[in-house]
1. Mind ranking 12-24, 45-57 by how tightly packed they are, going by the mean number of other C-beta atoms within 10 angstrom, highest first?
2. Mind giving me the FRET efficiency for residue 4 and residue 51? R0 is 22 Å, r the Cβ-Cβ distance, nearest 0.05 is fine.
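All of the numbers you see were taken from the coordinates with simple rules; none came from a lab. The shown structure was predicted, so the numbers you read here are calculated from the model rather than taken from an experiment. Cβ coordinates were reconstructed from backbone atoms using ideal geometry, including for glycine residues, and neighbour counts include every protein chain displayed.
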Amino acid sequence: MQIEGRTALVTGANRGLGRHLAQQLRDRGATVYAGARKPESVDLEGVRPIALDVTDPASVAAAAERAGEVSILIATPARRRTRSCWAGISRTSAWRWTRTTSARSR
Ligand SMILES: NC(=O)c1ccc[n+]([C@@H]2O[C@H](COP(=O)([O-])OP(=O)(O)OC[C@H]3O[C@@H](n4cnc5c(N)ncnc54)[C@H](OP(=O)(O)O)[C@@H]3O)[C@@H](O)[C@H]2O)c1
C-alpha cells in the first residue's frame, strides 16, 4: 500500500493507537489530519490537528469539509455508539475513501 504523498485522517490521534498510527503515517510521508475531540491535545509534530468527535454528525461534517478528500481513514474509536455515524459518513460524497480501517469495538 502506498502511503507517501497520500492524505490520511486518523481519529483519536491524540493518544493510544490513533496517535501511534498518525505518527507512522507521517513518518512514511503522508499528509496527516490528526482528529481529536480536543485538537489541542495532539502533540505530534508535522501533523494537522483537526477537531473531530465521531459521535457528532456536525463535527464529522466540519472535519470532512476541512480535510477534503482523504485516501486513508483510520477510525480508532469504534465503539457501538459510533457505528451509525460512520455509516452515515461513508454514504456522503464529502470523503471518498480508498482504504478504511477500523479498530475493533471494546
Ligand atoms: N490498544 C490495543 O492494543 C488494542 C487492541 C485491539 C483493539 N483495540 C481497540 O482500538 C480502539 C482504540 O484503542 P486505544 O488503545 O488507542 O484506546 P485509547 O488509548 O483509550 O484511545 C481512545 C481514543 O479514542 C478517542 N475517542 C474516544 N471517543 C471519541 C469520540 N467520540 N470522538 C473522537 N475520538 C474519540 C479518545 O480521545 P479522548 O482523548 O478525547 O478520550 C482517544 O484518542 C479501542 O476501541 C480498543 O478497544 C485496542
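1. 12-24, 45-57
2. 0.25
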